[in-house]
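Before any comments, here is the structure.
The values are calculated or read from the model by the stated rules, or taken from the named source; none is laboratory data. Every value quoted in this text rests on a predicted model; they were computed, and no experiment measured them. Each accessible area value is taken on the protein alone, full model and side chains, heavy atoms only, with ligands, DNA and RNA left out. Shrake-Rupley method; radii C 1.70, N 1.55, O 1.52, S 1.80 Å.
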Amino acid sequence: MPERKMLDATTAHLRKQDRQAMEALAAAQNPEGGFPLPHVYEQEFGWYISTGIMYGDSVEHGEDVLREAGFSEEFIKLIVHAHSLNCALVNFDSDGELEPGFEVFDEETDEPADPATFNL
């Protein structure tokens with residue numbers, strides 16, 4: 001049976017639009033049926049998001065689904081990266097790790113920030 005991993009990343013990698021898209025998708029998850037894509041689950045200090053949308057037709061199709069859901073290009077690059085690492089989930093958590101090579105953003109201004117300012 002193939003194994004898949006989970007990428008643990010800080011919520012500092014999220015732009016405001018990514019947080020809003022995660023909140024909307026998490027709120028729309030319905031155990032009785034009707035799970036919007038991508039699958040997002042809210043946790044106390046962040047979200048889990050499935051990379052399963054990358055496994056279908058193509059990675060490009062998954063990128064389009066993420067764009068349609070309102071995610072930023074920076075977010076999409078991080079999800080594609082997680083998929084390339086064979087991760088089934090990305091755990092965006094306030095105490096998560098900085099993922100090297102990916103921008104971080106000030107939660108209030110949405111401007112790119114210096115990763116050194118995040119005490120992770």
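For the chain, the share of alpha carbon pairs falling in successive 10 Å distance bins from zero is 14, 47, 33, 6, 0 percent.
Computed from Cα atoms, the angle from the helix 73-84 axis to the main principal axis of the chain rounds to 60 degrees. Pull out a ≥ b ≥ c, the square roots of the eigenvalues of the alpha-carbon gyration tensor of segment 42-110, then state rounded if a/c is under 1.5, prolate if not and a/b is larger than b/c, and oblate in the remaining case. Prolate, since a/c reaches 1.5 and a/b exceeds b/c.
Expressed as a whole number of Å, what is the distance separating the alpha-carbon centroids of segment 1-28 and segment 101-119? If we compute the Cα centre of each part, the gap is 16 Å. Apolar share of the accessible surface for the chain: 50 percent from carbon plus sulfur atoms, 1.4 Å probe. Per residue, the accessible area of the chain comes to 57 Å², computed with a 1.4 Å probe over protein heavy atoms only. Dividing the summed -39500 (n - 2.57) terms of all DSSP H runs of n ≥ 4 by the residue count of the chain sets its mean residue ellipticity at 222 nm at -9000 deg cm²/dmol. For the chain, what is the relative contact order in percent, using Cα pairs closer than 8 Å and at least 6 residues apart in sequence? It comes to 38 percent, rounded to a whole number.
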